[in-house]
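The values are calculated or read from the model by the stated rules, or taken from the named source; none is laboratory data. In this text, all values refer to a predicted model and were calculated from it rather than measured experimentally. No Cβ is skipped: glycine too gets one built from the backbone with ideal geometry, and neighbour counts run over all protein chains shown.
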Amino acid sequence: MHLGGYSVTFFSYAAIYLIWGSTFLAIRLAVDSIPPLLMMGVRCVAAGALLLAWAAARGERTGWRAWRQAIVAGALMFGCAYGALAWAETRLASGVAALFVATLPLWMTLFDCAQRRETPAARTVVGLAVGLAGVVLLLARTGTTTFALIPAAVVILGEVAWAAGALYARRLPQTLALNAGMPLLTGGVFLIAASYAAREFRQFDPHAVSVVSAAALVYLIVFGSIVAFSAYAWLMQVAPAARVGTHAYVNPLIAVVLGCTVAGEPFTAAIAAASLVIAVGVALVLAS
């Protein structure tokens, strides 16, 4: 399928590469004055509701079985992964958080092999080891002002949850609006419930939300969730999981550049070295 001479596949990859790369900074700006779990919950519920309204207007319907699957996928991909990232970015630079997210293709490949009951190739195993070495290199800097061990581990565990949820989400309805909207909505409800349990509502003052945080949240809803995740959901139906996971190559680069130029975040030699090691590990996995 083509649109204006360019393939839908090209635009879909561009969306998950460029837009998702910019969302790390947007998240950092949003959580400056909005509690992290609440912010992510509002983002996902709003985006999911809009997509499902679009699906309903088109006459698309689904059953309870699909909703059960969406609850699992949404809890893993958004409740766990997005919640973990939002919380961690109150303690991590956005570019550094993106580097830990760059391990996603490693977990996607591991789960994909387990799902297919295949033994990973030797190059895949080497790539996994190299990628994890890059993570260790970043973690070795724990205790500096740049990041700490606990939020780093939370981000990585969130990516493990995303990988499991993304592969599970392949069972969802094939229509784009339902495929993207259902897990967004269910994951958003999960996040808002977690926000309530964490007592974020008691600390939240709507009048204290800055214009920058509000604008960042709108950007995350429209572009980060509706546009980019719809593209991701479609690609996961038509392309290999490992190839779709290559957005983790480009996202950290964009996140680091934006973090340094817009937010004044530090970029050290250790971060540069870890970026290279993680990229090599992911490249080995994807080439196997």
Scope the stretch 209-235; condition surrounded by fewer than 22 Cβ atoms within 10 Å (Cβ to Cβ), aliphatic (A, V, I, L, M) and modelled with pLDDT under 90; matching residues = 235
Within the stretch 268-282, can one find any residue that is surrounded by fewer than 17 Cβ atoms within 10 Å (Cβ to Cβ), touching a helix residue (DSSP H, G or I) at 6+ places or on another chain (Cβ under 9 Å) and assigned to a loop (DSSP other than H, G, I, E, B)?
-> no
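Taking residue 173 as the residue in question, decide whether it is closer than 22 Å to residue 30 by Cα and either modelled with pLDDT of 95 or more or not acidic (Asp, Glu) (or both). Break it down into steps so the answer makes sense when it comes.
Details: closer than 22 Å to residue 30 by Cα: no; either modelled with pLDDT of 95 or more or not acidic (Asp, Glu) (or both): yes.
Considered against the rule, which asks whether it is closer than 22 Å to residue 30 by Cα and either modelled with pLDDT of 95 or more or not acidic (Asp, Glu) (or both), residue 173 comes out as no.
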Restricting attention to the stretch 100-123, and to residues there that are under 17 Å from the mean Cα position of the chain (by Cα) and not in a helix (DSSP H, G or I), which single residue is nearest to residue 253 (Cα to Cα)?
-> 102
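Hey, any hits in the stretch 75-87 for a residue that's in a loop (DSSP other than H, G, I, E, B) and at negative phi?
Within the stretch 75-87, none of the residues are in a loop (DSSP other than H, G, I, E, B) and at negative phi.
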Please state which of the following conditions residue 131 fails to meet, knowing it meets all the rest: (1) at pLDDT 80 or above; (2) more than 16 Å from the chain's Cα centre (by Cα).
-> (1)
Mind listing whichever residues of the stretch 90-116 are touching a Phe, Trp or Tyr at 6+ places or on another chain (Cβ under 7 Å) and closer than 18 Å to residue 217 by Cβ?
-> 94, 97
When every residue in the stretch 247-261 that is surrounded by fewer than 21 Cβ atoms within 10 Å (Cβ to Cβ) and at pLDDT below 80 is compared, the one nearest to residue 15 (Cα to Cα) is 250
Of the conditions (1) touching a residue at least 60 places away in the same chain (Cβ under 8 Å); (2) in contact with a Phe, Trp or Tyr (Cβ under 6 Å, 6 or more places away or on another chain), residue 176 fails just one. Which one is it?
-> (1)
Residue check, residue 242 modelled with pLDDT under 90, buried (at least 21 other Cβ atoms within 10 Å of the Cβ) and under 16 Å from the mean Cα position of the chain (by Cα) | no
Applying the selection to the stretch 241-274, what residues are more than 15 Å from residue 92 (Cβ to Cβ), in contact with a Gly (Cβ under 9 Å, 6 or more places away or on another chain) and small (Gly, Ala, Ser)?
-> 273
Return the total of residues in the stretch 44-88 being within 12 Å of residue 186 (Cβ to Cβ) and free of Cβ contacts under 8 Å to residues at least 24 places away in the same chain.
-> 1
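Give the residue that is farthest from residue 161 (Cα to Cα), with candidates limited to residues of the stretch 245-267 that are in a helix (DSSP H, G or I) and polar (S, T, N, Q).
Taking the stretch 245-267 first, the residues in a helix (DSSP H, G or I) are 247-261.
Next cut, polar (S, T, N, Q) only: 251, 261.
On the way: 251: 18, 261: 31 Å.
It comes out as 261.
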Considering residues of the stretch 43-74 that are part of a helix (DSSP H, G or I) and not hydrophobic (A, V, I, L, M, F, W, C) only, the residue surrounded by the fewest Cβ atoms within 10 Å (Cβ to Cβ) = 65
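Yes/no matrix, rows are residues, columns are (1) under 30 Å from residue 148 (Cβ atoms); (2) at pLDDT below 90; (3) of a type outside the set (Ser, Thr, Tyr):
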| position | (1), (2), (3) |
| --- | --- |
| 22 | yes, no, no |
| 26 | yes, no, yes |
| 36 | yes, no, yes |
| 44 | yes, no, yes |
| 51 | no, no, yes |
| 80 | yes, no, yes |
| 85 | yes, no, yes |
